[in-house]
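K.L.:
Can you keep this structure in mind? I'll have questions shortly.
The values are calculated or read from the model by the stated rules, or taken from the named source; none is laboratory data. As the structure is a prediction and not an experimental result, all values here were calculated from the model. With ideal geometry, Cβ positions are generated from the backbone for all residues, glycine too; neighbour counts draw on all protein chains shown.
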Amino acid sequence: MTMVSPLTTVRQRRHRRDRARRSASRRSQRTVLGLGFAVGAAAVVLTLALTLAYASLTRGLPSLDELPVLLDPHSGLLLQPTRLYDRTGQHLLASLSPTDADRIYALYDYIPKSLRDATLAIVQPDFWASPGYTMAGWQDADSHPTLAQQLIYSLLLWDEPATPLRAIHERMLAAQVTSRYGRQQVLEWYLNSADYGHYAYGAEAAAQFYLAKSVTQITLSEAALLAAIGQAPALNPVDAPNAAEDRRVETLGAMLAQGLITSDEAAQAIDDPPSPGGRGAGDEGKDNIAPAFVNLVLAQLDSRFGAGRIERGGLAILTSLDYDLQIQTACAIRAQLARLTVRPAGSGSEATAAGDTGLDGTACAAARLLPALQRGDSEFVGASTALDPGASASALVLDPTTGQVLAAVGDMRGGQQGSLLAQHPAGTSILPFVYLTGFSRGLNPASLGWDIPVSTNSGGTPALGQVYHGPVRLRIALVNDYLPPAQRLLQQMGEESVRAISAPFGLSIPLGARLLEDDFDLSPLELAAAYGILANGGTLVGQPQSSTELEPVAVLQVTGLDHSVWLDWRTSQDQAVVSPQLAYLMDHILSDETARWPSFGNPSPLEIGRPAGAKASRTLDGLGTWTVGSTPGRVIVVWLG
């Protein structure tokens, strides 16, 4: 047996210890290197993630370079008000401005210090020390607490959806515009682009509209008024004089509290309210020949671009309006209202006198085509002897083959035209769609109906002063507006079936409304679109707007003054709603002149010398009437009430 020396044992133990130390050291080095690599990789990944997140956050942001283009003192696009033209582009319908003149840009040094101070006092007292934004309220996309944020939102981010992301974009751009252009430029841009109501954009336009003077001439009291209007345009001296005065005083109080004015200046300004000197309500559109049509255009464009952007300026709108047709429609409605009000003897000469000329001074040929009034005509529109002087009328002309509105006249009261968008009781104007439901279930125009009293949920037939005719064909019952046969057909088919048939025609029947018992409201546009489908072989033509459903339009094209195309609706889209056979059947019934003789006589005043559909209807209380006429290329809806 070999003996190991003690020295050898010691050496072996020392070698094992050294080897263990070297192994531990290598393990430590590998651990450190591994950790360093992991940290480095994590840093790279984090940097890349942050870069991608920032890129995603800023993707699609508009350039700040757009602001000088919009608000250049000499050639800024927003210095030109938005203008609306007829379909030829030759007739100016409206200029969205208190006057048709270009807007005047006020340089910073020419804007009174009182207006600058008043605006900052009620909007952003810390303006001169602010970075241009605040993170407070970022979760609310509709909150714009600083002037820079209001400027960015109204001019650059108006078309972004109202989300927290837009709020972040707004603050990013507000910080950038403040840093790049300076606070003085931000304030100057803001005061030249703020909305002061009544299409008055910018302090100069507001001073001219409300005070009949240049902004350079306004007093402290007037500056406080304009600053208050700029933050609440609806509370202006024209529409809400008491509220405007209260806000003026509050603004002066804020200026005093912030040391911007002395107590003597505040007291003097409070006791010196601005004198009315501007234009009156509605004056900015007094030369507009088609106010109801313009309202329709703006409503359709606001639903597309958001409220306020179209009115801000810099755009040219080519509408679908037929200028000559609009003139004739307006004067014919005016003539008919005049002769119904004065209850003429029936010669029709009064209509000629009342509508002798159109709004442009041309002869009103349409008024001369109105038939003479017959005995009982005033009763048909709901008056025993004459139409109430406060009566209203609306008319709309639609091309069902293109879905374009060609003319529109709104409510006419006291010689002024209101909004076409106002709705009126539908009454019996929905009868064709009740009968259409029956025809889709196997009935036909020759089917038997009964014009005798019928029991309804409300206990009886609405009092329309009608005479009962006993057994009648459905064709006769429909065109003569006999209500009981339609009520019986409705009971037979069921209200849900009628609603299902009516919905694709765009008829908005409220839930819970009892058809032919409870009057619900329709607009002339809705009724024209529904009847237009029947006149156009069962096909709806128009453009998708707020939903995927097609709707008639009053706009052909919207372009910027820089020649950019914002919207092009010149080419229509179409959608089948009902079979051509059913549409033809209904159109044939409404065009049957002999079927109308029992109520309208022979010849009927609804005859025009060629086949034309016609449906005269009444509200269920008998106080208003609808008349719808149609040919393959035109649908005309008239309301009197």
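K.L.:
Among the residues of segment 602-641, count how many are more than 26 Å from residue 541 (Cα to Cα) and in contact (Cβ under 8 Å) with a residue 40 or more places away in the chain.
P.N.:
Selection size over segment 602-641: 11.
K.L.:
With the requirement that a residue be of a type in the set (Lys, Arg) and within 21 Å of residue 127 (Cβ to Cβ), what does segment 149-179 give you?
P.N.:
171
K.L.:
So residue 191 ticks every box in (1) free of Cβ contacts under 8 Å to residues at least 60 places away in the same chain; (2) under 25 Å from residue 128 (Cβ atoms) but one. Which box is left unticked?
P.N.:
(1)
K.L.:
Now a separate question. Just one of (1) part of a loop (DSSP other than H, G, I, E, B); (2) touching a Pro at 6+ places or on another chain (Cβ under 7 Å); (3) at negative phi trips up residue 205, so point out which.
P.N.:
(1)
K.L.:
Can you pull out every residue in segment 222-245 that is surrounded by 22 or more Cβ atoms within 10 Å (Cβ to Cβ) and not hydrophobic (A, V, I, L, M, F, W, C)?
P.N.:
Within segment 222-245, 222, 230, 236, 237 qualify.
One line per residue, one yes/no per condition, for (1) at pLDDT below 95; (2) out of contact with any Gly (no Cβ under 9 Å at 6 or more places or on another chain); (3) closer than 17 Å to residue 313 by Cα; (4) among the acidic types (Asp, Glu):
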site	(1), (2), (3), (4)
184	no, yes, no, no
187	no, yes, no, no
205	no, yes, yes, no
216	no, yes, no, no
222	no, yes, no, yes
229	no, no, no, no
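K.L.:
Among the residues of segment 123-141, which ones are touching a residue at least 24 places away in the same chain (Cβ under 8 Å) and either of a type in the set (Asp, Glu) or touching an Asp or Glu at 6+ places or on another chain (Cβ under 6 Å) (or both)?
P.N.:
Once the filter is applied, which keeps residues that are touching a residue at least 24 places away in the same chain (Cβ under 8 Å) and either of a type in the set (Asp, Glu) or touching an Asp or Glu at 6+ places or on another chain (Cβ under 6 Å) (or both), segment 123-141 yields only 140.
K.L.:
Scan segment 613-641 for residues that are buried (at least 19 other Cβ atoms within 10 Å of the Cβ) and assigned to a loop (DSSP other than H, G, I, E, B) and report the count.
P.N.:
The total comes to 4.
K.L.:
State the number of residues belonging to segment 508-542 that are within 24 Å of residue 556 (Cα to Cα) and in a loop (DSSP other than H, G, I, E, B).
P.N.:
Total satisfying the criteria: 4.
K.L.:
Further question on the same structure: Can you confirm whether residue 446 is loosely packed, with under 15 Cβ neighbours inside 10 Å and either modelled with pLDDT of 85 or more or within 30 Å of residue 537 (Cβ to Cβ) (or both)?
P.N.:
Numbers: loosely packed, with under 15 Cβ neighbours inside 10 Å: yes; either modelled with pLDDT of 85 or more or within 30 Å of residue 537 (Cβ to Cβ) (or both): yes.
For residue 446, the condition - loosely packed, with under 15 Cβ neighbours inside 10 Å and either modelled with pLDDT of 85 or more or within 30 Å of residue 537 (Cβ to Cβ) (or both) - is met.
K.L.:
Here's another thing I want to ask about it. Just the residues that are within 35 Å of the chain's Cα centre (by Cα) and without any contact (Cβ under 8 Å) to a residue 12 or more places away in the chain, please, taken from segment 241-260.
P.N.:
Of everything in segment 241-260, those that are within 35 Å of the chain's Cα centre (by Cα) and without any contact (Cβ under 8 Å) to a residue 12 or more places away in the chain turn out to be 241, 242, 243, 246.
K.L.:
Which one of these does residue 582 not meet: (1) of a type in the set (A, V, I, L, M, F, W, C); (2) touching a His at 6+ places or on another chain (Cβ under 8 Å); (3) over 23 Å from residue 369 (Cβ atoms)?
P.N.:
(2)
K.L.:
How many residues does segment 507-543 contain that are more than 16 Å from residue 399 (Cβ to Cβ) and of a type in the set (Gly, Ala, Ser)?
P.N.:
The qualifying residues number 5.
K.L.:
Go through 82, 51, 88 for me and flag whichever is hydroxyl-bearing (Ser, Thr, Tyr) and modelled with pLDDT under 95.
P.N.:
51
K.L.:
Of these, 97, 114, which one is small (Gly, Ala, Ser) and either assigned to a loop (DSSP other than H, G, I, E, B) or within 17 Å of residue 193 (Cα to Cα) (or both)?
P.N.:
Among 97, 114, only 97 is small (Gly, Ala, Ser) and either assigned to a loop (DSSP other than H, G, I, E, B) or within 17 Å of residue 193 (Cα to Cα) (or both).
K.L.:
Looking at segment 335-349, which of the residues that are in contact with a helix residue (DSSP H, G or I) (Cβ under 7 Å, 6 or more places away or on another chain) and buried (at least 22 other Cβ atoms within 10 Å of the Cβ) is modelled with the highest pLDDT?
P.N.:
335
K.L.:
Further question: If residue 596 satisfies every condition in (1) under 15 Å from residue 478 (Cβ atoms); (2) in a strand (DSSP E or B) but one, which is the exception?
P.N.:
Going through (1) under 15 Å from residue 478 (Cβ atoms); (2) in a strand (DSSP E or B) one by one, residue 596 breaks only (2).
K.L.:
What tally of residues in segment 208-219 results from selecting those that are closer than 22 Å to residue 253 by Cβ and surrounded by 23 or more Cβ atoms within 10 Å (Cβ to Cβ)?
P.N.:
Selection size over segment 208-219: 2.
K.L.:
While we're on this one: From the residues in segment 154-180 that are touching a Lys or Arg at 6+ places or on another chain (Cβ under 9 Å) and assigned to a loop (DSSP other than H, G, I, E, B), which one is surrounded by the most Cβ atoms within 10 Å (Cβ to Cβ)?
P.N.:
In this case the residue turns out to be 157.
K.L.:
Please go through segment 270-301 and pick out each residue that is charged (D, E, K, R) and at pLDDT below 90.
P.N.:
Within segment 270-301, 279, 283, 284, 286, 287 qualify.
K.L.:
Right, next: Filter segment 568-577 down to residues that are free of Cβ contacts under 8 Å to residues at least 40 places away in the same chain and surrounded by 17 or more Cβ atoms within 10 Å (Cβ to Cβ), then give me how many there are.
P.N.:
Counting residues in segment 568-577 that are free of Cβ contacts under 8 Å to residues at least 40 places away in the same chain and surrounded by 17 or more Cβ atoms within 10 Å (Cβ to Cβ) gives 1.
K.L.:
Determine whether residue 565 is among the aliphatic types (A, V, I, L, M), modelled with pLDDT of 95 or more and either touching a Leu at 6+ places or on another chain (Cβ under 7 Å) or surrounded by 14 or more Cβ atoms within 10 Å (Cβ to Cβ) (or both).
P.N.:
no
K.L.:
Does at least one position in segment 106-120 carry a residue that is surrounded by 15 or more Cβ atoms within 10 Å (Cβ to Cβ), modelled with pLDDT of 95 or more, assigned by TED's automatic domain parsing to the domain that holds residue 228 and under 16 Å from residue 312 (Cβ atoms)?
P.N.:
no
K.L.:
If I filter segment 248-258 for residues that are touching a helix residue (DSSP H, G or I) at 6+ places or on another chain (Cβ under 6 Å), of a type in the set (Lys, Arg) and either under 24 Å from residue 313 (Cα atoms) or crowded, with 20+ Cβ neighbours inside 10 Å (or both), do I get at least one hit?
P.N.:
Looking through segment 248-258, at least one residue is touching a helix residue (DSSP H, G or I) at 6+ places or on another chain (Cβ under 6 Å), of a type in the set (Lys, Arg) and either under 24 Å from residue 313 (Cα atoms) or crowded, with 20+ Cβ neighbours inside 10 Å (or both).
K.L.:
Please name all residue pairs, on different chains or six or more residues apart, with Cβ atoms under 8 Å, provided the first residue is in segment 513-528 and is under 16 Å from residue 403 (Cβ atoms) and the second residue is of a type in the set (Phe, Trp, Tyr).
P.N.:
What qualifies is 524/639; 527/626.
K.L.:
Against the conditions (1) more than 17 Å from residue 182 (Cβ to Cβ); (2) out of contact with any Asp or Glu (no Cβ under 7 Å at 6 or more places or on another chain); (3) surrounded by 14 or more Cβ atoms within 10 Å (Cβ to Cβ); (4) touching a residue at least 24 places away in the same chain (Cβ under 8 Å), where does residue 82 fall short? Just the number, please.
P.N.:
(2)
K.L.:
Considering only residues that are surrounded by fewer than 20 Cβ atoms within 10 Å (Cβ to Cβ) and part of a helix (DSSP H, G or I), look in segment 128-153 and name the one that is nearest to the chain's Cα centre (by Cα).
P.N.:
128
K.L.:
Could I ask something else about it? Residue 580 - would you say it is over 19 Å from residue 85 (Cβ atoms), over 36 Å from the mean Cα position of the chain (by Cα), surrounded by fewer than 18 Cβ atoms within 10 Å (Cβ to Cβ) and touching a residue at least 40 places away in the same chain (Cβ under 8 Å)?
P.N.:
Details: over 19 Å from residue 85 (Cβ atoms): yes; over 36 Å from the mean Cα position of the chain (by Cα): no; surrounded by fewer than 18 Cβ atoms within 10 Å (Cβ to Cβ): yes; touching a residue at least 40 places away in the same chain (Cβ under 8 Å): yes.
The answer is no for residue 580.
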